[in-house]
């Protein structure tokens, strides 16, 4: 089954990247561990076996020389007390040689060491037996002349040199082993340093890969979304995050684009509603203003009509209401003016008729008076 990296989420990608880093570091660290283990084993072998072995051999060589010096001092004097003291020194050094030899022998591991050890034990016992014999003969005065003693001393020294030769060979063998272990330790140390440098390099490579991946697939897309968000906050709702990642970042970009679209729709709807509200408010304001004008016009018209009607009721037939508009009130005022005008004409006609009747009555009265006067004159 083929794994499609583009369809995996960030968790999977980071898990794979982290797994790669772990495998890389683990492989290199395993080599480092092996090198360190070898180095540690070499150090343990060096400190537990090699150094003590060299120390035991060097101390044995010193003890043998001390024993030889004690033999020489013991055979050069005739004082029994001094001889006893030097004999004790000789015995003490021999015992120390045996103790240190037992400790060294317990550490010997190679076949060559064991073979040399067998030769040393054989020749050491041979030298020790001859030394005991030489001491006893000297203390008992068995040497008949100086020449015999000298020959015995030379043979004693010869056996001593043979024993020391084994110690020298063993010391050289152990020192060579120490040198080899030292060189091995240096090689292991160099290898460990190289491996640690490889671990460091592998860690750097892993961190670099993680940084490159996160920079490309996380940091840059997040910065892009942030910049788009700032533009949206500034009022630009036409922006779009062009991120095609098939992971959580891609889902975030898609959600951001959906949010921006929703915000743009809401802003457009809000703008339309605000525009409608402004238009309605303007219409309401105009209607209110018109109502105020109409109310003032109506009040003014009523006041004017009432004023003229009052004058009319008081007998002023010259009243007239000024018509401002050709509307119902204007028609009312026109009707009022026409009525007043008609009434004024009617009153004028009546007044004229009254004046005519009065004039006729005066004439009739004058005629009557004249007729009465004529009748009076005729009767007289």
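The values are calculated or read from the model by the stated rules, or taken from the named source; none is laboratory data. For clarity, every value in this text was computed on a predicted model and none was experimentally measured. Please note: Cβ atoms are built from the backbone with ideal geometry, for glycine as well, and neighbour counts cover all protein chains shown.
Could you check the range 158-197 and list, in sequence order, the residues that are over 19 Å from residue 56 (Cβ atoms), modelled with pLDDT of 80 or more and surrounded by 14 or more Cβ atoms within 10 Å (Cβ to Cβ)? Within the range 158-197, 159, 162 meet the criteria.
Just one of the listed residues (305, 230) is under 29 Å from residue 331 (Cα atoms) and in a helix (DSSP H, G or I), namely 305.
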